[in-house]
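Here's the structure we're looking at; comments come further down.
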Amino acid sequence: MSEKPVAGTVPDEKEAAALEAAFDAHVAANGKVEPRDWMPEAYRKTLIRQISQHAHSEVIGMQPEGNWITRAPSLRRKAVLLAKVQDEAGHGLYLYAAAETLGVSRDEMEDALIEGRAKYSSIFNYPTLTWADIGAIGWLVDSAAIVNQLALCRCSYGPYARAMIRICKEESFHQRQGFEIMMALCNGSGEQKRMAQDAMDRWWWPVVMMFGPPDANSPNSAQSMKWRIKHKSNDELRQAFIDQTVPQAEKLGLAIPDPDLKWNEARGHYDIGEIDWEEFFNVVRGNGQCNEQRIERRRAARDEGLWVCDAALAYGEKQRARKRREAA
Ligand code: BYC
């Protein structure tokens, strides 16, 4: 894209059509788009929407797991969980930074989340009732995240694709720690095994829904796939997750709460029962079990942390003033 006009150039109508055609050809050939390249306004907006919502999901996702840091069953489990939750904060930061390259500020994105104008993943509106939920999140939610994010590593927008590569590496560790918690519970006492099954029963369907609405009802998919932001559709990714997870559940000795789950020899995939899309849209609209609590906590964290930002800004200004004085 280097020979093309940089962002901020205002082309006339004919130039704009030529730029758009060149842009489409570039991304169709799997070319990368960088922050200073010309891009269609709708491409920029789509990326801001998706990357910021992805960042919000990482940051809000710290809450359900953070809920168990003080109650982790051993020092080792506590240290691992703390590290995982810190990783999620880091993922949020890489993603906010990637979105900022598109000309939106961190404050604008945060306001949109807190004022309910931006979404975050439906999955984080479910409560973590027992320690087994921490295992289920690591195993199932992070597995789902990896399936989705591996495809995003090839996203046409360079800063997003590069952030995804690092995030996926960290998510693999998260997935293993979740599976290991589930393994310990499944090989433990009868009560521990029941706790693991109960977590499976509550998390399975919300995780299946995490991939978003079915392709036929996914308004953003067609354009995002054309722009190579998405390389695989919501249903393709959902199917890949189900196919890889069923054998893992069998290994753990956990039942999947879907009486219609069945291997389909002809398709070479598992068939599943009907997904309750009403529940999904209800949660996305803000009416899930924890939506209010999640946003309220985020708002409180921002408000209570404002003095830290003010102090950092005041300190920076003091340093600059000193340098100016010394240079004078
Ligand atoms: N929840 O046209 P569609 C993590 C919305 S973090 C809520 O298919 P698109 C982790 C969608 O935004 C995981 N809303 O959209 C963190 C759209 O509404 P808008 C987060 C959802 O963008 C901590 C509308 O439904 N991962 O794993 O083409 C600890 C129609 O959908 C959801 C990402 O964010 C949902 N589940 O495809 C542990 C990945 N699904 O925006 C783990 C990046 C859909 O038009 N995002 N909607 O108002 C993506 O890959 C895509 O944005 C999606 C949706 C596949 C999620």
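The values are calculated or read from the model by the stated rules, or taken from the named source; none is laboratory data. Note that this is a predicted model, so its numbers are computed, not measured. We place every Cβ from the backbone using ideal geometry, glycine too, and count neighbours over all the protein chains shown.
Within the set of pairs 6 or more residues apart or between chains, which connect a residue that is in contact (Cβ under 8 Å) with a residue 40 or more places away in the chain inside the range 64-82 to a residue that is within 16 Å of the ligand (Cβ to nearest atom) and of a type in the set (D, E, K, R) with Cβ atoms less than 7 Å apart?
Sorted first by the residue in the range 64-82, then by its partner, the pairs are Glu65/Lys84; Leu81/Glu65.
Among residues belonging to the range 226-246 that are assigned to a loop (DSSP other than H, G, I, E, B) and not hydroxyl-bearing (Ser, Thr, Tyr), point out the one that is farthest from the ligand (Cβ to nearest atom).
Arg228
Name, by its number, the condition in (1) away from the ligand (no atom under 11 Å from the Cβ); (2) β-branched (Val, Ile, Thr); (3) touching a residue at least 60 places away in the same chain (Cβ under 8 Å) that does not hold for Val284.
It is condition (1) that Val284 fails.
Does Pro206 satisfy the criteria of being outside any helix (DSSP H, G or I), closer than 20 Å to Tyr126 by Cα and of a type outside the set (Asp, Glu)?
no
Hand me the list of helices (runs of 4 or more DSSP H) wholly inside the range 12-94 holding 2 or more residues that are of a type in the set (Val, Ile, Thr) and surrounded by 13 or more Cβ atoms within 10 Å (Cβ to Cβ).
Helices (runs of 4 or more DSSP H) meeting the threshold: 41-60.
Lys119 fails exactly one of the following numbered conditions: (1) basic (Lys, Arg); (2) within 11 Å of the ligand (Cβ to nearest atom); (3) free of Cβ contacts under 8 Å to residues at least 24 places away in the same chain. What is the number of that condition?
All conditions are met except number (3).
Can you tell me which residues in the range 180-196 are of a type in the set (Gly, Ala, Ser) and either touching a residue at least 60 places away in the same chain (Cβ under 8 Å) or within 16 Å of the ligand (Cβ to nearest atom) (or both)?
Ala196
Evaluate the following for Ala136: is it of a type outside the set (Val, Ile, Thr) and more than 27 Å from Gly286 (Cβ to Cβ)?
no
Take the conditions charged (D, E, K, R) and within 10 Å of the ligand (Cβ to nearest atom) and apply them to Glu34. Does it pass?
Judged against the criteria, Glu34 is not a match.
Take the range 252-266 and flag every residue that is in a loop (DSSP other than H, G, I, E, B) and either within 16 Å of the ligand (Cβ to nearest atom) or not small (Gly, Ala, Ser) (or both).
Leu254, Ile256, Pro257, Asp258, Pro259, Asp260, Leu261, Glu265 - these are the residues of the range 252-266 that are in a loop (DSSP other than H, G, I, E, B) and either within 16 Å of the ligand (Cβ to nearest atom) or not small (Gly, Ala, Ser) (or both).
Out of the range 122-134, which residues are within 11 Å of the ligand (Cβ to nearest atom) and farther than 19 Å from Glu296 by Cα?
Listed by number, the list holds a single entry, Ile134.
Checking the condition away from the ligand (no atom under 16 Å from the Cβ), more than 20 Å from the chain's Cα centre (by Cα) and surrounded by 14 or more Cβ atoms within 10 Å (Cβ to Cβ), which residue from Ala249, Ala199 passes?
Unique residue meeting the criteria: Ala249.
Quick check on the range 232-246: of everything there that is out of contact with any strand residue (DSSP E or B) (no Cβ under 6 Å at 6 or more places or on another chain), farther than 21 Å from Gln197 by Cα and not hydrophobic (A, V, I, L, M, F, W, C), which residue is surrounded by the most Cβ atoms within 10 Å (Cβ to Cβ)?
Arg238
Could you give every pair whose Cβ atoms fall below 7 Å, whose first residue belongs to the range 142-157 and is touching a residue at least 24 places away in the same chain (Cβ under 8 Å), and whose second residue is surrounded by 23 or more Cβ atoms within 10 Å (Cβ to Cβ) and among the acidic types (Asp, Glu), counting only separations of at least 6 or pairs across chains?
Sorted first by the residue in the range 142-157, then by its partner, the pairs are Asp142/Glu171; Ala145/Glu171; Ile146/Glu171.
Considering every residue within the range 267-290, establish whether at least one is of a type in the set (Asp, Glu), surrounded by 10 or more Cβ atoms within 10 Å (Cβ to Cβ) and part of a helix (DSSP H, G or I).
Yes, the conditions are met somewhere in the range 267-290.
Here are some conditions: (1) more than 20 Å from Ile229 (Cα to Cα); (2) among the charged types (D, E, K, R); (3) at pLDDT below 95. Arg166 meets all but one. Which one does it not meet?
Single failed check for Arg166: (1).
Could you please let me know if Leu185 is buried (at least 21 other Cβ atoms within 10 Å of the Cβ) and closer than 26 Å to Leu82 by Cα?
Spelling it out, Leu185 is indeed buried (at least 21 other Cβ atoms within 10 Å of the Cβ) and closer than 26 Å to Leu82 by Cα.
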